[in-house]
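Trainee: Below is the structure I would like to discuss, written out as structure tokens.
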Amino acid sequence: MRCWVCGAAAEGVCRFCGRGVCKAHARTRAFLFEAWEQGERLRGLAVEDALHCGVCKIRPDPIDLEFLRQGGELS
Ligand SMILES: [Zn+2]
Ligand SMILES: [Zn+2]
């Protein structure tokens with residue numbers, strides 16, 4: 001795999017979009033990998049410095065996923 005930005009050999013893969021990135025172009029950002037409700041509060045576990053390619057855009061706001069329930073058996 002090659003770096004999405006410069007074409008050099010990729011050192012890792014973006015945690016968010018799957019693009020390959022070399023060390024020079026690798027960025028880090030927090031990645032939430034688990035969330036659950038604890039009492040009244042929503043708690044989450046996050047990786048503080050997950051690999052990010054710097055190319056893909058992460059939406060600052062949550063998106064509505066209710067459409068996933070339509071026609072499905074998700075509870
Ligand atoms: Zn690169
Ligand atoms: Zn990415």
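Trainee: With 10 angstrom as the radius, rank 11, 48 by how many other C-beta atoms surround their C-beta, starting from the fewest.
Mentor: Sorted ascending by nearby Cβ count, the order is 48, 11.
Trainee: Can you give me the long-range amide H partners of residue 3? Hydrogens built in the peptide plane at 1.01 Å from N, cutoff under 5 Å, separation of 5 or more residues or another chain.
Mentor: 8, 9, 10, 22
Trainee: Let me ask something additional. Evaluate the relative contact order of the chain (contact order divided by residue number), counting alpha-carbon pairs under 8 angstrom at least 6 apart; express in whole percent.
Mentor: Numbers: 112 pairs, mean separation 18.4, N = 75.
RCO, the chain: 25 percent.
Trainee: Also: Say a paramagnetic label sat at a point 7 Å from the Cα of residue 58, along Cα to Cβ; which residues of segment 8-39 have their backbone N under 18 Å from it?
Mentor: 12-22, 25-36
Trainee: I've got another one for you. Please give the contour-minus-distance gain from residue 67 to residue 11: 0.36 nm per residue of separation, less the Cα-Cα distance, rounded to one decimal in nm. Display every interim value, and only then the final one.
Mentor: Working: separation 56, 0.36 × 56 = 20.16 nm, distance 3.64 nm.
Net length gain for the segment: 16.5 nm.
Every read-out reported here was derived from the displayed coordinates using simple, explicitly stated rules and does not represent laboratory data. All figures in this text were calculated on a predicted structure; none of them were measured in a lab. Quick reminder, even Gly has a Cβ in these numbers, built from the backbone with ideal geometry, and neighbours come from all protein chains shown.
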